[in-house]
Amino acid sequence: MPSTTWGIRLGSGCAFGEWCRKQPPSIVGLGWREVSIQHALKGDLEGLKGDLRKTYPNDNSRQIGSSAGMLFSFIYKAQPDDYVWHYDTKVGFAYLAKIKSPAKDRDFALSEENIDIWHYREVELGPFMPLGQLHGDIVASLRFPKQSFWSMTYVNQETERIWNSRSFLGQPTPESTDIQEAYANLVGLMRNRLRALDYKDWETLTKEYVEKQGGKINGPVGGTREGIDVEAVFI
């Protein structure tokens, strides 16, 4: 049976990707700590909805249905050897993995209660790469996810190709993982630094870059000229 592709958001803001990847073995997972996975494991969607209603009595039918659908897909529909993508916003990289276990309730690292990953599946890590190097359909699905777990069957063929070719940065190994993670963290630090710049910083940065390329700056940098912050001549 062909493998299905899924997308997952590992915590609010996709913030727990590194924590999940560093578990022994690596995992992907969802929250809803107080909700048992037993109904979903048996394929009982209505039983799962009942558990959610008891746990979240203030949620309306639409919210209950949405939560149940995501949990049910993660616990029951997704199968071992299915692919799962997650995007780590901290480093700007997309990670591809293969599911290797049934769904389980987390019984480890319980002291880290701020990590909202409570129902999980073990995975085999595969290639990872900057989000911008991926097919547009994958980028669109991962950049601004509206759900915590969702189907990405429309990119099955591309996902299979990436997994089998081990293109881009390749599959992490015990020898290479630390170097690749360090590189990804460095990219994340650079992105965060760039986001912290205000408009004057960008003007100065642009001026310095132009000068290093051999440009001669004409006039002031910034100022009140509409649409022009840096003007240079290259000879």
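The values are calculated or read from the model by the stated rules, or taken from the named source; none is laboratory data. Predicted model, so just to flag it, every value in this text is computed and none were measured. For neighbour counting, all protein chains shown are included, and Cβ atoms are generated from backbone atoms with ideal geometry for every residue, glycine included. Remember, those area values only see protein heavy atoms, side chains included, never the ligands or the DNA or RNA. Shrake-Rupley method; radii C 1.70, N 1.55, O 1.52, S 1.80 Å.
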Only one of A97, A109 that is within 21 Å of T4 (Cα to Cα) and either open to solvent by less than 50 Å² (accessible area, probe 1.4 Å) or free of Cβ contacts under 8 Å to residues at least 40 places away in the same chain (or both): A97
Matching residues, segment 88-113, being more than 25 Å from H39 (Cβ to Cβ), in contact with a strand residue (DSSP E or B) (Cβ under 7 Å, 6 or more places away or on another chain) and hydrophobic (A, V, I, L, M, F, W, C): F93, A94, L96, A97
Number of the exception - V123 against (1) open to solvent by 50 Å² or more (accessible area, probe 1.4 Å); (2) not in a helix (DSSP H, G or I): (1)
Among residues of segment 27-41, those that are over 17 Å from A15 (Cβ atoms) and open to solvent by 10 Å² or more (accessible area, probe 1.4 Å), counted: 5
Scan of segment 161-180 for residues that are open to solvent by less than 70 Å² (accessible area, probe 1.4 Å) and modelled with pLDDT of 65 or more, ordered by number: I162, W163, S165
Index of the failed condition, N60 passing every other in (1) of a type outside the set (A, V, I, L, M); (2) under 24 Å from V139 (Cβ atoms); (3) open to solvent by 80 Å² or more (accessible area, probe 1.4 Å): (2)
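Okay, residues lined up against (1) open to solvent by 50 Å² or more (accessible area, probe 1.4 Å); (2) within 29 Å of Q157 (Cβ to Cβ):
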{"residue": "L10", "(1), (2)": "no, yes"}
{"residue": "K22", "(1), (2)": "yes, no"}
{"residue": "S66", "(1), (2)": "yes, yes"}
{"residue": "Q79", "(1), (2)": "yes, yes"}
{"residue": "D82", "(1), (2)": "no, yes"}
Selection count, segment 112-137, where residues are in contact (Cβ under 8 Å) with a residue 40 or more places away in the chain and closer than 28 Å to R62 by Cβ: 7
Among (1) within 13 Å of the chain's Cα centre (by Cα); (2) modelled with pLDDT under 95 - the single one S111 does not satisfy: (1)
Matching residues, segment 128-149, being closer than 25 Å to K77 by Cβ, surrounded by fewer than 20 Cβ atoms within 10 Å (Cβ to Cβ) and in contact with a helix residue (DSSP H, G or I) (Cβ under 9 Å, 6 or more places away or on another chain): H135, D137, V139, R143, P145, Q147
Pair list, Cβ under 6 Å, 6 or more apart: segment 34-58 residue closer than 13 Å to W118 by Cβ and assigned to a loop (DSSP other than H, G, I, E, B), other residue of a type outside the set (A, V, I, L, M) and open to solvent by less than 20 Å² (accessible area, probe 1.4 Å): I37/H119
